[in-house]
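Working notes, structure below.
The values are calculated or read from the model by the stated rules, or taken from the named source; none is laboratory data. As the structure is a prediction and not an experimental result, all values here were calculated from the model. Cβ sites come from the backbone with ideal geometry, for glycine too, and all protein chains shown count toward neighbours.
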Amino acid sequence: MLGLQLLLELVLMAVCLLAPGLLAVRRLRLAPLEMLCVSIATSVVLVYLATFVLFGLHAGRTWYFVVSLACSGLALAERRRFVQLLHSRTVRRALTGFLFLVLWSVTALALVRHYGGGRWFGDWLEHFQRSQVFLGRLPVNTELFGGYAIPARPPLANLLASYFLAQAGNRFELFQVAFLVLNLLVALPCLLVASTTIGGRGGKRTFALVALLALNPFFLQNATYTWTKLAASFFVVLATALYLAGWRRGDGLRTVLAFTSLAAGMLAHYMAGPYLVFFAGHALWRAARHRGLRWRELAAACGLSLVLLGTWVGWSVAIYGPATTLLSSTSITEVERPSIGASVVRVAKNMAATLVPHPMRGVPIADLRQQSRLGFLRDWSFLVFQTNLVFAMGTAGGLLVVFLLCRAACTSRSPWRRSVACFWLAFTASVFALGVAVVGRSEDTGLAQICLAPLVLFGLTYLATQLGRLPSAARAFLGFGLAIDFAIGIALHFNLENLNFDTTVPSVSPLAAAVRGGPVSLAAFANWTVKRAFHLVFLGDHIGGWAPVLQLLLAAGAVALILRLIRVAPRRRVGGDPGRPAVALPPTRVTRGSAVDRPTD
């Protein structure tokens, strides 16, 4: 029964997350991979709006099937358009890479019988309860797990999950898979950035990026956890690619699409806010200095963004009132309220903690004590991979990204390179500062996992495009680092999440684990206890004795990916600037309809 429900859910997601948007944007002059990503983003927004309307009207389950049937009809009507997209090698490679990531991540998710890692606790249940509210199973005034109100977090991903659960079945296993697919969608705009913005086209870059994502603990741990940061990152990364393409081509339409995408990202998670602030400031600068953006295009971008955000804010104000709507977010409720000077010190310390990993600062982590040395190693490394901006890109990957950026800055003095460097330096510094500052609490291990996921993804994308420029020793160093990342951040992590405490340590309670130390951390025990208290069944509970087989498949796949990555042939350079990364960002205006604006493969 579960297999049929999973199949139905995946089919519904494939149809409903592509067909409506493909029809809506069919007349836009976009490159094939741009068209695919924009179609998916548009479909997500349309399904979000339809589900919100059905929820507001208290519509029965039948109406959800009616919407899906309409999407199926659109899919049939647009089949030729989709076939035309598949004629693009870039699109075929991107979809193949995405499908591989889905299979890889589902294999990892099938090992999860409880959530663990560092201090992560409870968010997974809160998001499930939030979807239950939008399914009509819980009243709108429900206080969610952890004491959160419904307006504390935006609803886009939860509404989409409720849409699919209403048809495939209201089970936590299906909820896990729905969130997994929504989180993995971010890989597609990353491939778009690799092919058009940071790098060039080519199957090797596609493989390199897919492999780096599959072997990255930060990415896989966030993808398999039922929260919405990667889902929001999909819109942020897509908005960045569209904005830069609009700036390069002098195309106001892409700029409008970029801001609409950022607004949709805000509806998935408020972590998109710092990126929206930066691009709004940059667009104002462009409009004021006549850098390829007119004021009417900026007004259109603002209008569409406000309308989209207004669907959520207006409903929330009508139901909960302005105070609860505006003041229930964790960015406000968790704010420490000392003096301005103390706030500045807190932000500065959080920035330092996000850049320098906790082992180098001697941060005590007594709350992670446990009997298992492997369990402590998992949690100790988890707090490095998840909270540190550099090592979130991997043990070796982050260091190589820093090396590549420094080499590029030192080996080129061209005006073209300086304009590119200024943009990315301003982008990174502004988003980093804002992303850390909006977190109101002190965090001794760092905050990369809160708002900086897109920066991590941009770093991995840049590394994938520059892999052919690395010497063999650097690629060997990368392979060694990826082996460590997989062994500790993926294999060990998911092996520990596969533990069944009912049979292995049934006599140890979370309280006892906190007092004398259990075989795993208190947070992991607490997640297991909450799961049992709410009578939830995870996808991993259905695997049973097949867990060793899945672990072996992941290990074999990791070995194959690493060997293939380190054997990537160095790129042959023909003239040009040897230190210049392929970032196509000349700030010049191109007349619409010229050859450069035609969709290309």
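Scanning the range 112-128 for residues that are surrounded by 20 or more Cβ atoms within 10 Å (Cβ to Cβ) and assigned to a helix (DSSP H, G or I) yields W124, L125, H127, F128. Examine the range 536-544 for a residue that is within 19 Å of L482 (Cβ to Cβ), in contact (Cβ under 8 Å) with a residue 40 or more places away in the chain and either basic (K, R) or part of a helix (DSSP H, G or I) (or both), and state whether such a residue exists. No, the conditions are met nowhere in the range 536-544.
Annotation: G21 fulfils all but one of (1) surrounded by fewer than 23 Cβ atoms within 10 Å (Cβ to Cβ); (2) within 21 Å of the chain's Cα centre (by Cα); the unmet one is (1).
Is the range 37-52 home to any residue that is in a helix (DSSP H, G or I), surrounded by fewer than 17 Cβ atoms within 10 Å (Cβ to Cβ) and either without any contact (Cβ under 8 Å) to a residue 12 or more places away in the chain or among the charged types (D, E, K, R) (or both)? Explain how you work it out, then say what you get.
Keep residues of the range 37-52 that are in a helix (DSSP H, G or I), which gives 37-52.
Those left that are additionally surrounded by fewer than 17 Cβ atoms within 10 Å (Cβ to Cβ): 49.
Narrowing the set further to residues that are either without any contact (Cβ under 8 Å) to a residue 12 or more places away in the chain or among the charged types (D, E, K, R) (or both) leaves none.
Looking through the range 37-52, none of the residues is in a helix (DSSP H, G or I), surrounded by fewer than 17 Cβ atoms within 10 Å (Cβ to Cβ) and either without any contact (Cβ under 8 Å) to a residue 12 or more places away in the chain or among the charged types (D, E, K, R) (or both).
Is it the case, given these coordinates, that L69 is surrounded by 15 or more Cβ atoms within 10 Å (Cβ to Cβ), assigned to a helix (DSSP H, G or I) and aliphatic (A, V, I, L, M)? Break it down into steps so the answer makes sense when it comes.
Details: surrounded by 15 or more Cβ atoms within 10 Å (Cβ to Cβ): no; assigned to a helix (DSSP H, G or I): yes; aliphatic (A, V, I, L, M): yes.
No: the conditions fail for L69.
Can you find a residue in the range 378-385 that is closer than 21 Å to Y115 by Cβ, among the basic types (K, R) and not in a loop (DSSP other than H, G, I, E, B)? Spell out the reasoning first.
Step one: list which residues in the range 378-385 are closer than 21 Å to Y115 by Cβ, which gives 378-385.
Okay, now just the ones that are also among the basic types (K, R), so 378.
Right, trim to not in a loop (DSSP other than H, G, I, E, B) and you get 378.
Yes, the range 378-385 has at least one match.
Got at least one residue in the range 275-292 being closer than 27 Å to L389 by Cα, buried (at least 23 other Cβ atoms within 10 Å of the Cβ), of a type outside the set (A, V, I, L, M, F, W, C) and at pLDDT 90 or above? Yes, the range 275-292 contains at least one residue that is closer than 27 Å to L389 by Cα, buried (at least 23 other Cβ atoms within 10 Å of the Cβ), of a type outside the set (A, V, I, L, M, F, W, C) and at pLDDT 90 or above.
For the range 444-499, a residue qualifies if it is outside any helix (DSSP H, G or I), among the polar types (S, T, N, Q) and within 28 Å of F538 (Cα to Cα), and exactly one does: N498. In the range 365-373 there is no residue matching the filter, namely being modelled with pLDDT under 95, exposed (fewer than 12 other Cβ atoms within 10 Å of the Cβ) and over 26 Å from A524 (Cα atoms).
The numbered conditions (1) surrounded by 20 or more Cβ atoms within 10 Å (Cβ to Cβ); (2) closer than 26 Å to V236 by Cβ are all true for Y64 except (2).
For the range 385-413, how many residues meet the condition of being within 16 Å of A353 (Cβ to Cβ) and without any contact (Cβ under 8 Å) to a residue 60 or more places away in the chain?
Residues of the range 385-413 that are within 16 Å of A353 (Cβ to Cβ), as a first pass: 385-392, 398.
Those still in the list that are without any contact (Cβ under 8 Å) to a residue 60 or more places away in the chain too: 390-391.
Residues flagged as within 16 Å of A353 (Cβ to Cβ) and without any contact (Cβ under 8 Å) to a residue 60 or more places away in the chain within the range 385-413 amount to 2.
The number of residues in the range 157-177 being among the hydrophobic types (A, V, I, L, M, F, W, C), closer than 16 Å to H269 by Cβ and over 14 Å from the mean Cα position of the chain (by Cα) comes to 3. Screening L28 on (1) in contact (Cβ under 8 Å) with a residue 24 or more places away in the chain; (2) out of contact with any Gly (no Cβ under 9 Å at 6 or more places or on another chain); (3) in a helix (DSSP H, G or I) shows it passes everything except condition (3). Annotation for the range 386-397: no member residue is modelled with pLDDT under 85 and either not basic (K, R) or not in a helix (DSSP H, G or I) (or both).
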